[in-house]
1. In this structure, does Leu258 turn out to be surrounded by 22 or more Cβ atoms within 10 Å (Cβ to Cβ), modelled with pLDDT of 95 or more, in a helix (DSSP H, G or I) and assigned by TED's automatic domain parsing to the domain that holds Gly228?
2. Based on what the data block shows, is Ile168 more than 17 Å from Ala103 (Cβ to Cβ), crowded, with 18+ Cβ neighbours inside 10 Å, hydrophobic (A, V, I, L, M, F, W, C) and over 22 Å from the mean Cα position of the chain (by Cα)?
3. Quick check on segment 17-60: of everything there that is within 21 Å of Gln375 (Cα to Cα) and part of a helix (DSSP H, G or I), which residue is nearest to the chain's Cα centre (by Cα)?
4. Is segment 314-323 home to any residue that is more than 23 Å from Met67 (Cα to Cα) and not small (Gly, Ala, Ser)?
5. Could you check segment 295-331 and list, in sequence order, the residues that are assigned to a strand (DSSP E or B) and β-branched (Val, Ile, Thr)?
6. Suppose we filter Asp66, Asp82 for residues that are of a type in the set (D, E, K, R) and touching a helix residue (DSSP H, G or I) at 6+ places or on another chain (Cβ under 6 Å); which single one remains?
7. Looking only at segment 104-116, filter to residues that are surrounded by fewer than 20 Cβ atoms within 10 Å (Cβ to Cβ) and within 23 Å of the chain's Cα centre (by Cα); which one of those is nearest to Val183 (Cα to Cα)?
8. Just one of Val65, Val69 is buried (at least 18 other Cβ atoms within 10 Å of the Cβ), in contact with a strand residue (DSSP E or B) (Cβ under 9 Å, 6 or more places away or on another chain), under 18 Å from Cys288 (Cβ atoms) and among the aliphatic types (A, V, I, L, M); which is it?
Amino acid sequence: MKILVVGNGGREHALAWKLLQSQQVEQVYCTPGNGGTAIMSGCQNLPLKVDEFEKISQFSLQEGVDMVVVGPEIPLAKGITDYLQTQGLMVFGPTQAGAQIEASKAWSKSLMQAAGIPTAKAAVFTQAPEAKSYVQAQGAPIVVKADGLAAGKGVIVATTIEQAESAIESIFQGQFGSAGKFVVIEECLTGQEVSVLALTDGLTIRPLLPAQDHKRIGEGDTGDNTGGMGAYAPAPIATPEIMAKVQTEVLEPAIAILKSRGIDYRGVLYAGLMISPLGELKVLEFNCRFGDPETQVVLPLLATPLEELMLACIQQRLGEMPPITWKSGVAATVVAASGGYPSNYEKGKAISGIAQAEALGATVFQAGTQLLSQQIITNGGRVLNVTGIGDNFQQALDQAYAGIKSIEFEGMYYRRDIGYRVR
């Protein structure tokens, strides 16, 4: 098989890496890819942007690409799957109609309410005064969200009414661009967050291992929200009993209501969940793609060939597949970020020590990187994901941290407490 992976992050490097482990996969293309995919054997980067659908289609047809795997949410929300399907290509990823589940928090919330999926109480606003009045009536803490896509940063957990009002103002004034046409205000849930990435062919839905991300930039889960600073899997808090409830109360109702609305959803449905101290679960959000950095800890543990699962989703025969199998052990990843992230940061810093990290047993998935004159340099906010695997979390985390300590670039920052709940 020849497979084209759309995207340039750590998630896409992990997808390409996993696909190339199969004897059935002879070539992976990444567009645009990053420094890691540029130097990986069997992988070739293409100088195409993720929204250049026609060029992606032309290349795929010329080269006999068997399957296109879409990593990020933006091309899915713009309709890449719909376009490529009209050209006769097989695509792993939902259509534009299905991608609304991430592209609009208001649409997704109304879908959950209609399906009876447990979720936080919420209201949607188009004007700041009404939103502020609602916040004053509800009190704090409260959660303020930009409706559209904001790279994982459009959610503000406000601990005071003043903070909530400031968030409302900044969203309506364009901090997140067109993502801020609507504001969704939700009750603040307490507990632990868990990410459940599930594969679906529109009829059957099967969860992958639950993972736990670390969203905040600062240690002790403090500071601004980010795209994710580290993760581990399988998350112990998502017990078999909880995962059974996720299947029957979240995943199956979501696919059923999408189908009832004429949306043929094939790809990943990612449920971001809050599990309360009493073990009650509620959906914080749905996403229409693999999580990042959760993918970087889930895929290293996957034993079933990834391309077989993806093809089964595309061809609507996931229900005929044997159960998904997993390797023993656990995985943890630590994100090395550029100084200043998630605000302003510089690019173009030379990176050293990746080979030494891998010699210590870690797997380094590159994210915001670029290969320039045979040198890997920084090219984004989240630069590297250093992943360790072990029989237990202490081993996996020790391997990841030993790896990250051998890597250097100017301004490099990483949290030193990833996995604090499971150490």
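1. Yes: the conditions hold for Leu258.
2. yes
3. Trp17
4. As a first pass, look at segment 314-323 and keep what is more than 23 Å from Met67 (Cα to Cα): none.
No, segment 314-323 contains no residue that is more than 23 Å from Met67 (Cα to Cα) and not small (Gly, Ala, Ser).
5. So in segment 295-331, the residues assigned to a strand (DSSP E or B) come out as 302, 326, 330-331.
Within segment 295-331, just Val330 meets the criteria.
6. After applying the criteria, what remains is Asp82.
7. Trp107
8. Answer to the check: Val69.
The values are calculated or read from the model by the stated rules, or taken from the named source; none is laboratory data. What you see is a predicted model; the values in this text were computed from it and never measured. Cβ sites come from the backbone with ideal geometry, for glycine too, and all protein chains shown count toward neighbours.
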